[in-house]
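Chemist: Below is one structure. I have some questions about it.
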Amino acid sequence: MLMPKPDEAVLAKRGEIIAALREIVPGEGVIAEEDEMRVYESDGLSAYRQMPMIVVLPETTEQVAEILRYCHAEEVKVVPRGAGTSLSGGALPLADAVLLGLGKFNRILDVDFENRAVVTQPGVTNLGITHAVQDQGFYYAPDPSSQIACSIGGNIAENSGGVHCLKYGLTTNNVLGIEFVTIEGEVIRIGGKHLDAEGYDLLGLMTGSEGLLGVVTEVTVRILRKPATARALLVGFASSEAAGTCVAEIIGAGVIPGGMEMMDNPAINAAEDFVGTGYPRDAAALLIVELDGPEVEVDYLIGRVREIAEANGATSLRVSESEDERNAFWAGRKSAFPAVGRISPDYMCMDGTIPRKMLPEILRRMSSLSEKHGLRVANVFHAGDGNLHPLILFDANQPGELETAEAFGGDILKACVELGGVLTGEHGVGIEKRDLMGEMFTEVDLDQQQRVKCAFDAKGLLNPGKVFPKLHRCAELGRMVVHQGKMPFPDIPRF
Amino acid sequence: MASTFQPTDDSQVLDAVTWALAEVAPLEIVGRGSKRGLGRNFQADHSLDLSGLSGINFYEPEELILSAKPATPMAEIEAALAERGQMLAFEPMDMRPILGMGAGEGSIGGVFACNLSGPRRVKSGAARDHLLGFNAVSGRAEAFKSGGRVVKNVTGYDLSKLITGSHGTLAVMTELTFKVLPAPEKTYTVLVSGLDGAAATRAMAAAMNSAHEVAGAAFLPAALAGRSDVSYVQGAGSSITALRLEGFGPSVEQRCRELREELAEFGALEELHSHNSIRFWTEIRDATCLTAPADRLIWRLSVPPTAGHQVLATLSESLGAKGFLDWSGGLVWLSLPPSGDAAHEPVRASIAPHGGHATLVRASADTRASVPVFQPQPAPLAALSARVKDSFDPKRILNPGRMVAGS
Ligand SMILES: Cc1cc2nc3c(=O)[nH]c(=O)nc-3n(C[C@H](O)[C@H](O)[C@H](O)COP(=O)(O)OP(=O)(O)OC[C@H]3O[C@@H](n4cnc5c(N)ncnc54)[C@H](O)[C@@H]3O)c2cc1C
């Protein structure tokens with residue numbers, strides 16, 4: 001993966017930059033020792049490593065603003081970082097950049113049950129928000145599997161999802177407002193405890209912008225009352241086609257489950273070896289369908305889903321009768337990654353999305369790609385919304401296997417796009433999928449996105465080298481070729 | 001010479017914008033015209049009438065998506081959805097009762113361009129939460145796309161959010177793909193009568209904070225309740241606080257029983273079922289109780305839910321405002337006596353302590369030319385928004401001045 005060439009002039013004045021940052025953030029907030037910086041050298045995409053030039057850990061919005069103002073004036077690049085769990089390399093440092101960590105922004109500022117909102121600093125973990133409100137029966141809905149570790153600021157930057165997003169939406173659907181600082185050091189607030197920011201929806205734009213547009217320093221999210229009850233079905237199928245049709249028919253019947261997950265045979269067996277909660281080892285595909293809501297509704301919908309599953313030839317079917325049993329159904333799915341980690345020295349987690357109806361087709365293509373590349377693949381999906389997580393098994397110690405795994409992953413994502421889907425459903429583009437962007441977008445599409453970036457960061461200093469395969473200068477992007485007036489158009493009806 | 005272009009396909013839209021760019025000739029972008037009176041009044045010599053770009057491209061009920069051309073009439077989309085028991089969950093309002101029945105019917109492009117969402121906003125999100133992808137022509141006369149046809153998608157910036165609510169000032173949408181959802185089997189409404197605004201707000205918060213999945217929470221003061229076409233509401237002779245429950249039959253019945261028990265302490269309770277319930281929420285959605293008299297100004301304010309009743313009380317006293325609350329108290333609809341400046345200063349001052357924004361929805365063209373129709377923004381945010389506009393439309397040829405004077 002080619003990263004922008006480090007700026008020698010910036011590297012040469014590292015000492016000066018350290019001193020300036022120490023003026024802004026006193027004490028231990030500036031880290032410049034190699035040993036101490038090592039924990040920051042990669043994020044969740046650990047195949048890529050790079051030591052940052054300097055790490056700075058501010059504690060206040062004013063400090064963030066001063067840091068950015070300084071870096072902007074001195075043309076120093078900045079990489080924002082939350083908890084460093086990104087799976088796409090979004091928080092990967094650059095050799096000539098300041099890594100701006102938000103770990104010290106770890107306080108919840110306001111819990112407001114009457115307005116169903118929580119105001120928090122961005123370094124608070126996703127689960128930390130739920131912990132702050134659960135004694136009153138509330139929770140924060142988006143639930144990435146990394147929720148004990150990942151920060152809400154990182155969730156905003158990645159527009160993270162989770163199992164319950166099928167019914168309750170992604171991060172973007174659950175954020176009410178943010179405060180962020182531009183690279184010029186300007187503090188901007190959008191939204192709040194009211195709904196719908198007015199003017200252009202910069203809140204929606206910032207969500208999922210992967211740290212390229214601004215540094216988020218405060219977040220307001222909406223909280224929800226916990227559903228009265230939840231029950232799950234565990235259904236085995238003899239073919240992935242049957243499971244795929246079952247998923248489509250559940251949705252087609254007007255049922256939106258709280259979660260609907262699917263695993264293929266290799267994933268089922270890896271999970272069963274690992275936690276052994278009674279998954280059917282011979283099933284080609286396994287569905288976990290969770291219904292949540294008022295008790296009568298859940299009981300009623302369990303009946304409907306059971307009918308649909310049976311009509312589609314379910315080979316095994318269990319309904320949870322207790323919380324313990326429901327949790328046991330989930331245990332295998334939740335440990336799918338570590339379970340696969342046990343059967344292979346290394347694995348790579350992909351994240352494409354396809355239209356639901358293409359599930360059987362993408363599985364067919366994956367198994368032939370698996371043969372072509374000579375590597376195994378295990379699959380877990382958020383089946384309800386067509387978001388795939390193929391886990392490619394490989395051994396990084398074998399020469400060439402990492403490259404083969406990457407090529408295999410690239411082929412899967414290209415297939416997703418071909419089938420009407422997209423490159424990434426929730427993990428972000430980062431550096432991992434950066435060079436595949438052209439599979440989905442034309443040059444014109446990408447240029448327009450980069451022009452939006454220019455509106456926020458004309459010098460291209462915030463998190464460069466991520467998301468966009470080609471970096472253009474803003475002046476170049478702003479240029480226009482005007483085709484002189486062809487008026488009047490013979491073909492357009494005019495009045 | 002003013003002209004109206006009526007393209008019939010995407011490439012003709014591109015041609016028209018290419019010409020406008022070369023001539024630096026601002027265009028007014030028109031779908032079916034029902035919301036032409038919404039937003040600042042601005043001058044454009046030419047208009048781009050999209051009515052030739054109409055029709056559903058594809059509808060896949062089991063994928064919960066629909067794709068349509070921008071001027072597809074809402075009636076056509078709603079009929080197609082109804083046939084398969086589905087709906088647009090954000091419940092877009094029909095602006096005709098308020099802006100005048102003479103205007104054309106609403107189009108899907110207009111609904112997204114204005115980010116119009118109705119009472120179910122509190123549960124199911126806004127229009128902006130439902131647009132999955134679009135094709136458009138920017139003010140640089142370039143055809144581009146963003147997003148896709150799947151819900152889970154973080155590939156590149158979420159320009160679907162940005163284009164929604166941009167009132168045609170960034171790009172001309174030529175195709176929209178959006179999420180649809182199953183329509184509820186049953187709809188009940190629990191009514192509490194006789195509450196004042198503060199008590200109604202507490203009752204709505206209690207309901208929203210329950211596990212009963214309330215899909216609408218509104219408060220009508222007595223005078224406005226009398227204007228309802230739903231006979232029980234009309235004859236109530238007191239204020240009405242309404243809470244909507246919808247979903248599968250047995251579930252709605254049980255939640256309705258439980259919610260009534262929990263709200264019993266607030267006041268006398270009543271229920272509306274299917275037909276009346278649907279009619280009541282259509283009235284709330286379209287703010288029909290504020291339609292007449294036609295010369296009164298109409299404002300729409302979004303504030304934190306607990307603040308709405310205070311704003312309503314303040315403005316009723318100081319300006320003779322009439323109004324009601326939706327979104328569990330967070331949406332304030334106001335009708336004010338006519339005035340040249342639309343009382344924009346006191347209206348905006350009333351929300352300042354709480355946070356939020358105020359939009360002038362109905363006023364004369366002159367007033368809409370001189371008074372900020374949308375909430376003025378702090379300077380850094382306004383400057384950033386202007387740069388975003390420039391990134392799509394540097395020569396300001398698309399609906400210039402519709403949102404902000406001079407851009
Ligand atoms: C085991 C595991 C399971 C996972 N499961 C899921 C899952 O189910 N669903 C899912 O969506 N993701 C999942 N992830 C991915 C990851 O947890 C999310 O992307 C998460 O939101 C990243 O948060 P973070 O705080 O770790 O951000 P980081 O990794 O630190 O940063 C991610 C990006 O956000 C930017 N950023 C961080 N904070 C800020 C800020 N305050 N302002 C501006 N930019 C900022 C960074 O520059 C970077 O581009 C998983 C990761 C792991 C390791």
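Chemist: Return yes when B:ARG227 is surrounded by fewer than 22 Cβ atoms within 10 Å (Cβ to Cβ) and in contact with a Cys (Cβ under 7 Å, 6 or more places away or on another chain) and no when it is not. Before the answer, list the steps.
Modeler: Values: surrounded by fewer than 22 Cβ atoms within 10 Å (Cβ to Cβ): yes; in contact with a Cys (Cβ under 7 Å, 6 or more places away or on another chain): yes.
Against the criterion (surrounded by fewer than 22 Cβ atoms within 10 Å (Cβ to Cβ) and in contact with a Cys (Cβ under 7 Å, 6 or more places away or on another chain)), B:ARG227 qualifies.
Chemist: If you take the residues in region B:148-163 that are in contact (Cβ under 8 Å) with a residue 24 or more places away in the chain and of a type in the set (Gly, Ala, Ser), which one is farthest from B:MET403 (Cα to Cα)?
Modeler: Across region B:148-163, the extreme among qualifying residues is B:GLY148.
Chemist: Looking only at region A:371-390, filter to residues that are modelled with pLDDT of 95 or more and part of a helix (DSSP H, G or I); which one of those is nearest to the chain's Cα centre (by Cα)?
Modeler: For region A:371-390, the residue satisfying everything is A:HIS373.
Chemist: Then there's this: Could you grab me the full set of residues in region A:186-206 that are in a loop (DSSP other than H, G, I, E, B), closer than 28 Å to A:ILE67 by Cα and not aliphatic (A, V, I, L, M)?
Modeler: Result: A:GLU186, A:GLY192, A:TYR200, A:ASP201.
Chemist: Considering only residues that are within 24 Å of A:VAL79 (Cβ to Cβ) and either modelled with pLDDT under 95 or at the interface with chain B (Cβ under 7 Å from one of its Cβ atoms) (or both), which ones fall in region A:421-430? Walk me through how you get there before you give the answer.
Modeler: At the first step, the residues of region A:421-430 found to be within 24 Å of A:VAL79 (Cβ to Cβ) are A:423-430.
Selection gives A:LEU423, A:THR424, A:GLY425, A:GLU426, A:GLY428, A:VAL429.
Chemist: Check region A:72-90 and report whether any residue there is part of a loop (DSSP other than H, G, I, E, B), more than 8 Å from the ligand (Cβ to nearest atom) and without any contact (Cβ under 8 Å) to a residue 60 or more places away in the chain.
Modeler: Within region A:72-90 (the criterion being part of a loop (DSSP other than H, G, I, E, B), more than 8 Å from the ligand (Cβ to nearest atom) and without any contact (Cβ under 8 Å) to a residue 60 or more places away in the chain), the answer is no, since none of the residues qualifies.
Chemist: One residue is enough: does region B:196-208 have a residue meeting the conditions at the interface with chain A (Cβ under 10 Å from one of its Cβ atoms), more than 24 Å from B:GLN310 (Cα to Cα) and not aliphatic (A, V, I, L, M)?
Modeler: No, there is no match, as no residue in region B:196-208 is at the interface with chain A (Cβ under 10 Å from one of its Cβ atoms), more than 24 Å from B:GLN310 (Cα to Cα) and not aliphatic (A, V, I, L, M).
Chemist: Further question: Looking at region A:188-207, is at least one residue farther than 24 Å from A:ASP143 by Cα, within 13 Å of the ligand (Cβ to nearest atom), modelled with pLDDT of 95 or more and over 17 Å from the mean Cα position of the chain (by Cα)?
Modeler: Within region A:188-207 (the criterion being farther than 24 Å from A:ASP143 by Cα, within 13 Å of the ligand (Cβ to nearest atom), modelled with pLDDT of 95 or more and over 17 Å from the mean Cα position of the chain (by Cα)), the answer is yes, since at least one residue qualifies.
Chemist: Could you go through region A:187-194 and let me know if any residue there is surrounded by fewer than 22 Cβ atoms within 10 Å (Cβ to Cβ), of a type outside the set (D, E, K, R), more than 22 Å from A:LEU87 (Cβ to Cβ) and facing chain B (nearest Cβ under 10 Å). Lay out the reasoning, then the answer.
Modeler: Pass one, region A:187-194, residues surrounded by fewer than 22 Cβ atoms within 10 Å (Cβ to Cβ): A:187-189.
Narrowing further to those that are of a type outside the set (D, E, K, R): A:187-188.
Checking which are more than 22 Å from A:LEU87 (Cβ to Cβ) leaves us with A:187-188.
Now narrow it down to the ones that are facing chain B (nearest Cβ under 10 Å): A:187-188.
Checking region A:187-194: at least one residue is surrounded by fewer than 22 Cβ atoms within 10 Å (Cβ to Cβ), of a type outside the set (D, E, K, R), more than 22 Å from A:LEU87 (Cβ to Cβ) and facing chain B (nearest Cβ under 10 Å).
Chemist: Every residue in region A:25-42 that is assigned to a helix (DSSP H, G or I) and under 27 Å from the mean Cα position of the chain (by Cα), please.
Modeler: To start, the set of residues in region A:25-42 that are assigned to a helix (DSSP H, G or I) comprises A:27-29, A:34-40.
Residues satisfying the conditions are A:MET37, A:ARG38, A:VAL39, A:TYR40.
Chemist: Restricting to region A:297-318, name every residue that is surrounded by 21 or more Cβ atoms within 10 Å (Cβ to Cβ) and at pLDDT below 95.
Modeler: A:GLU297, the sole residue that qualifies.
Chemist: Scan region B:292-309 residue by residue and report those that are more than 11 Å from chain A (Cβ to nearest Cβ), surrounded by 20 or more Cβ atoms within 10 Å (Cβ to Cβ) and not aromatic (Phe, Trp, Tyr).
Modeler: If the condition is that a residue be more than 11 Å from chain A (Cβ to nearest Cβ), surrounded by 20 or more Cβ atoms within 10 Å (Cβ to Cβ) and not aromatic (Phe, Trp, Tyr), then B:LEU297, B:ILE298, B:HIS309 are the ones that fit.
Chemist: Follow-up question, since we're still on this one. Would you check which residues across region B:66-99 are closer than 19 Å to B:ALA126 by Cβ, part of a loop (DSSP other than H, G, I, E, B) and within 14 Å of chain A (Cβ to nearest Cβ) and list them?
Modeler: If the condition is that a residue be closer than 19 Å to B:ALA126 by Cβ, part of a loop (DSSP other than H, G, I, E, B) and within 14 Å of chain A (Cβ to nearest Cβ), then B:ALA89, B:PHE90, B:GLU91, B:PRO92, B:MET93 are the ones that fit.
Chemist: Right, another one. I'd like the full set of residues that are within 13 Å of another protein chain (Cβ to nearest Cβ), surrounded by fewer than 21 Cβ atoms within 10 Å (Cβ to Cβ) and not in a helix (DSSP H, G or I), limited to region B:12-39.
Modeler: B:VAL24, B:ALA25
Chemist: For region B:47-63, enumerate the residues that are touching a helix residue (DSSP H, G or I) at 6+ places or on another chain (Cβ under 9 Å) and surrounded by fewer than 20 Cβ atoms within 10 Å (Cβ to Cβ).
Modeler: Selection gives B:GLY52, B:SER54, B:GLY55, B:ILE56, B:TYR59, B:GLU60, B:PRO61, B:GLU62.
Chemist: Now for a separate question. What is the residue count in region B:384-407 for residues that are touching a Phe, Trp or Tyr at 6+ places or on another chain (Cβ under 9 Å), within 11 Å of chain A (Cβ to nearest Cβ) and not in a loop (DSSP other than H, G, I, E, B)?
Modeler: Residues flagged as touching a Phe, Trp or Tyr at 6+ places or on another chain (Cβ under 9 Å), within 11 Å of chain A (Cβ to nearest Cβ) and not in a loop (DSSP other than H, G, I, E, B) within region B:384-407 amount to 5.
Chemist: Further question on the same structure: Which residue, of B:TYR188, B:TYR157, is at the interface with chain A (Cβ under 10 Å from one of its Cβ atoms) and either charged (D, E, K, R) or in contact with a helix residue (DSSP H, G or I) (Cβ under 6 Å, 6 or more places away or on another chain) (or both)? Break it down stepwise before answering.
Modeler: Details: B:TYR188 fails: at the interface with chain A (Cβ under 10 Å from one of its Cβ atoms).
None of the others qualify; the one that does is B:TYR157.
Chemist: Given the conditions (1) in contact with a helix residue (DSSP H, G or I) (Cβ under 6 Å, 6 or more places away or on another chain); (2) not assigned by TED's automatic domain parsing to the domain that holds B:THR18, which single one is not true for B:SER391?
Modeler: The failed condition is (2).
Results for (1) assigned to a helix (DSSP H, G or I); (2) surrounded by fewer than 24 Cβ atoms within 10 Å (Cβ to Cβ), shown as yes or no for each residue.
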position: A:ALA405; (1), (2): yes, yes
position: A:ASP411; (1), (2): yes, yes
position: A:ALA415; (1), (2): yes, yes
position: A:GLY420; (1), (2): no, yes
position: A:GLY425; (1), (2): no, no
position: A:VAL429; (1), (2): no, no
position: A:ASP435; (1), (2): yes, yes
position: A:GLY438; (1), (2): yes, yes
position: A:ASP447; (1), (2): yes, yes
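Chemist: Search region B:362-389 for residues that are farther than 20 Å from A:ASP196 by Cα and pair each with any residue that is assigned to a helix (DSSP H, G or I) when their beta-carbon atoms are under 7 Å apart and the residues are at least 6 apart or on different chains.
Modeler: Cβ pairs passing all conditions: B:VAL371/B:HIS344; B:ARG387/A:ALA455.
Chemist: Can you tell me which condition B:ALA242 does not meet? The list is (1) of a type outside the set (S, T, N, Q); (2) within 14 Å of chain A (Cβ to nearest Cβ); (3) touching a strand residue (DSSP E or B) at 6+ places or on another chain (Cβ under 8 Å), and all the others hold.
Modeler: (2)
Chemist: Of all residues in region B:334-361, count the ones that are within 14 Å of another protein chain (Cβ to nearest Cβ), part of a strand (DSSP E or B) and without any contact (Cβ under 8 Å) to a residue 60 or more places away in the chain.
Modeler: Final tally of qualifying residues: 2.
Chemist: Also, quick follow-up: Check A:GLY185, A:GLY169, A:GLY211, A:GLY137 and return the single one that is in contact (Cβ under 8 Å) with a residue 60 or more places away in the chain and more than 30 Å from B:SER407 (Cα to Cα).
Modeler: A:GLY137
Chemist: For region A:54-75, give me the residue count where each residue is over 23 Å from A:ARG107 (Cβ atoms) and either at pLDDT below 95 or surrounded by 24 or more Cβ atoms within 10 Å (Cβ to Cβ) (or both).
Modeler: Adding up the residues that qualify gives 1.
Quick grid of which residues meet (1) buried (at least 24 other Cβ atoms within 10 Å of the Cβ); (2) assigned by TED's automatic domain parsing to the domain that holds A:LEU68; (3) modelled with pLDDT of 95 or more:
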{"position": "A:ARG81", "(1), (2), (3)": "yes, yes, yes"}
{"position": "A:GLY89", "(1), (2), (3)": "yes, yes, yes"}
{"position": "A:LEU92", "(1), (2), (3)": "yes, yes, yes"}
{"position": "A:ALA95", "(1), (2), (3)": "no, yes, yes"}
{"position": "A:PHE113", "(1), (2), (3)": "no, no, yes"}
{"position": "A:VAL118", "(1), (2), (3)": "yes, no, yes"}
{"position": "A:ALA132", "(1), (2), (3)": "no, no, yes"}
{"position": "A:ASP135", "(1), (2), (3)": "no, no, yes"}
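Chemist: Looking at region B:212-258, which of its residues are of a type outside the set (A, V, I, L, M, F, W, C), closer than 21 Å to B:GLY118 by Cβ and touching a Lys or Arg at 6+ places or on another chain (Cβ under 6 Å)?
Modeler: Those that are of a type outside the set (A, V, I, L, M, F, W, C), closer than 21 Å to B:GLY118 by Cβ and touching a Lys or Arg at 6+ places or on another chain (Cβ under 6 Å): B:HIS212, B:GLY216.
The values are calculated or read from the model by the stated rules, or taken from the named source; none is laboratory data. On a predicted model such as this, the values are computed, not experimentally measured, just so you know. Positions of Cβ are generated from backbone atoms using ideal geometry, with glycine treated the same way; all protein chains shown enter the neighbour counts.
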